[in-house]
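None of the figures in this text is laboratory data; all of them are computed from the coordinates on show. On a predicted model such as this, the values are computed, not experimentally measured, just so you know. So basically every Cβ, Gly included, is an ideal-geometry build from the backbone, and we count neighbours across all protein chains shown.
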Amino acid sequence: MLGLKLETDPNWVNIVEKNISEILTDHAWCEQKAATNAISLVIAFPEKSDLVEAMLSIAKEELTHFEMVHQKIKERGYEFGPERKDHYVADLYKFMRKGHIRRISLIDRLLFAAIVEARSCERFRILSEQIKDEDLKAFYKELMISEANHYTVFLGFARKYGEGVEDVNARWQQWLEHEAEVVKNYGKSETIHG
């Protein structure tokens with residue numbers, strides 16, 4: 001369904017299980033950044049009312065997820081640490097077209113968001129199936145479903161706004177190929193994308 005070209009090595013879960021505090025802190029920051037990304041799309045494209053409404057809904061949901069992860073951190077007696085730099089996302093961002101007409105920039109921003117949500121969904125699926133912690137197994141299954149919905153929203157808007165402008169499906173395939181190259185360097189740390 002997600003179309004990702006390279007699956008995460010299932011052994012990544014073994015790395016995660018050695019440092020649950022770190023994965024939860026990183027995850028909380030990922031949710032906060034996802035909310036910020038949705039709001040930035042509202043700010044950049046306020047004239048697209050359907051997009052604004054969808055992004056406001058996603059931003060609220062991502063903030064709710066942030067709150068949920070933060071609660072897990074507190075329940076377990078962990079400390080919510082400082083922001084982590086997401087090198088995976090930074091590497092993906094370099095592929096985005098900048099300085100083009102607004103609609104091309106919008107399409108790429110939406111595809112960028114879709115690919116990040118797709119990878120997050122895939123990682124949450126792995127955690128929901130393989131992590132030994134039963135509480136986190138159920139938690140990540142619930143979040144996986146939400147991430148899949150976000151992925152389809154971003155991809156759907158890219159296709160809508162790309163109609164008559166460019167072949168969005170071809171550009172999506174380019175993003176998938178690029179992401180497969182980028183993700184080869186990750187899956188070695190206890191972070192959502194690391």
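Table for the structure above
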quantity: 5 Å-binned pair-distance histogram of the chain (Cα, whole percent); calculated: 1, 8, 16, 21, 20, 16, 10, 5, 2, 0, 0
quantity: Cβ-placed point charges (K, R +1; D, E -1), dipole of the stretch 1-67 about Cα centre in debye, nearest 20; calculated: 140 debye
quantity: C-alpha long axis of helix 20-44 to longest principal axis of the chain, angle in °; calculated: 20 degrees
quantity: Nearest-ten-degree value, helix 49-75 long axis tilted from longest Cα axis of the chain; calculated: 10 degrees
quantity: Total charge dipole magnitude, the stretch 106-194, about the Cα centre, Cβ charges on Lys, Arg, Asp, Glu only, Debye to nearest 20; calculated: 20 debye
quantity: Helix axis angle, 168-183 relative to the chain longest principal axis, alpha carbon, degrees; calculated: 30 degrees
quantity: Positive dipole terminus of the stretch 1-151, leading residue within V89, I58, Y140 (C-beta point charges); calculated: V89
quantity: Among W172, C30, G187 the positive-end extreme of the charge dipole of the chain (Cβ point charges); calculated: W172
quantity: Separation between Cα centres of the stretch 1-72 and the stretch 145-169, rounded to whole Å; calculated: 17 Å
quantity: Kirkwood Rh in Å, taken over all unlike Cα pairs in the stretch 85-194; calculated: 14.8 Å
quantity: Cβ-based charge dipole, the stretch 29-184, positive-most Cα from H150, Q130, A113; calculated: A113
quantity: Simple Cβ-charge dipole of the stretch 1-147, Lys/Arg +1 and Asp/Glu -1, about Cα centre, in debye nearest 20; calculated: 600 debye
